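S.K.: The structure's right below; bear with me while I get my questions together.
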Amino acid sequence: MLKLLIKYEQKLVEHGLCASGTPLVGGVNDVVIWNREDPLSEELEKIIAGLNINSLIFARPVEPFFSILNYLARHSDTEFVPEDTETRTFLHSIPVARSLTATEIIPLLQKRKGCVVAGHGIISFGTVSPEQAFVVFSSIIFSAFVKFFVDHAYAQQVGAPDPEAKKMLPEVLAAYDQFLPGHAEAELVTGDFSNPGDIVRAMIQAGQATVNARMVDSFFGNISYFANDTVYISQTGSSMDELESCIDACPLDDSACTGITASSELLAHRDIYLGGSNRAILHGHPKFSVIMSMLCFEKDCKNRGKCHIKCDKPRFVDDIPVIPGEVGSGPRGLSNTLPPAVQGRRGAIVYGHGVFTVGQKDFRDAYASLAEIEALCRNFYLKIISASN
Ligand SMILES: [Zn+2]
Ligand SMILES: [Zn+2]
């Protein structure tokens, strides 16, 4: 158990979410075990005792995330509700506790998977493993970050930016630059590949590079390669930085492969390959791409209030289309929207969700496009903010 707790403490630090030595990770094993000693563990054990859970993370995230969480906590009553897909499908809302006390926090965690403790950080839990607590912790940071920037852009647009958010912005952006790795260029192997061993190696390398560049939280995103009439694809819920045994080979003529472990997005990937000459697909959640996908500046858009899900008029960020990509096989389902959108293009952004990019022979162009699209979105965002000043 202790080894597992330390693994997640290290993951929080390696992913740049927490400073070294700060996270508290507890697990239930007859008694509660902690990754390190801390006076707070007594109160946290009361929380564990009040819930039927297996593990708990309490930590203060690094900047700019800590300031953003505190800002959102100050501007909300009992909870805040980001509108990105991760929140809509997974977190639902993010409750806010005003004190680090079991009496206040237990009722919040009976309804949600994690909460913000104003001025302290985030508490999240797992019912079977600390992995769940880690995923929730990271999702709260992602969703809060996206919400801060989306709200600010809309407030700017109507000429009523919150002075506090406006004042925070330069520091938040500077701290976010610190969070991003210095250079996101990766030396990826050149294709094309036909040997399954080479394919898996190239996928592992590209997945790791995408996580390292902080363009996806490792447990989301997916990746695939097409060769030998087979789609090699990461399994649903596999960590992009631990892909070794998590790649499925799905032959085109074997429908048995779909829906077992292969990514739920297999059909979308397959139809991209069948509809063009691409061989590689990379999917990540770079933050400014998600932010831009949720912003609509069409005057009097008929869909106002829903522009993070769909707009009537097709939207683009430069040459990149912003498309719906819902779960399931409906007309707005990813398997119907994505393949035509990337036809003849380098990629597409899915509303509130993330970016899909394609590669011709290997992952070099798909990876470069992911980084370029994110840079493009960030530049567009900053332009929007300064233009409406
Ligand atoms: Zn995704
Ligand atoms: Zn709209």
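None of the figures in this text is laboratory data; all of them are computed from the coordinates on show. Worth saying up front: this structure is predicted, and the values here are computed from it rather than measured. Cβ: placed from backbone, ideal geometry, glycine included. Neighbour counts: every protein chain shown.
S.K.: Zone of E164 (label point 7 Å along Cα→Cβ, backbone N under 16 Å): which residues in the stretch 72-104?
M.R.: 72-81, 96-99
S.K.: State the volume of the convex hull built on the alpha-carbon positions of the stretch 1-157, expressed per residue in Å³ and rounded to an integer.
M.R.: Residue-normalised Cα hull volume stands at 101 Å³.
S.K.: Round to the nearest 0.05 the FRET efficiency obtained for Q178 and E372 when R0 = 22 Å and r is the Cβ-Cβ distance.
M.R.: 0.55
S.K.: Go through K7/K111; K147/K287; K111/K166; K167/K306; K167/K383 and tell me which ones have a Cα-Cα distance over 22 Å in this structure.
M.R.: K7/K111; K111/K166; K167/K306
S.K.: Apply the a/c threshold of 1.5 to the C-alpha gyration tensor of the stretch 301-389 and tell me whether it is rounded, prolate or oblate.
M.R.: oblate
S.K.: Let me ask another. Tell me, rounded to the nearest percent, the portion of alpha carbon pairs in the stretch 196-387 spaced more than 23 Å apart.
M.R.: When all Cα pairs of the stretch 196-387 are counted, 39 percent exceed 23 Å.
S.K.: Next up: What's log10 of I(q)/I(0) for the chain at q = 0.07, 0.10 Å⁻¹, Debye sum over Cα points only, no solvent?
M.R.: -0.32, -0.66
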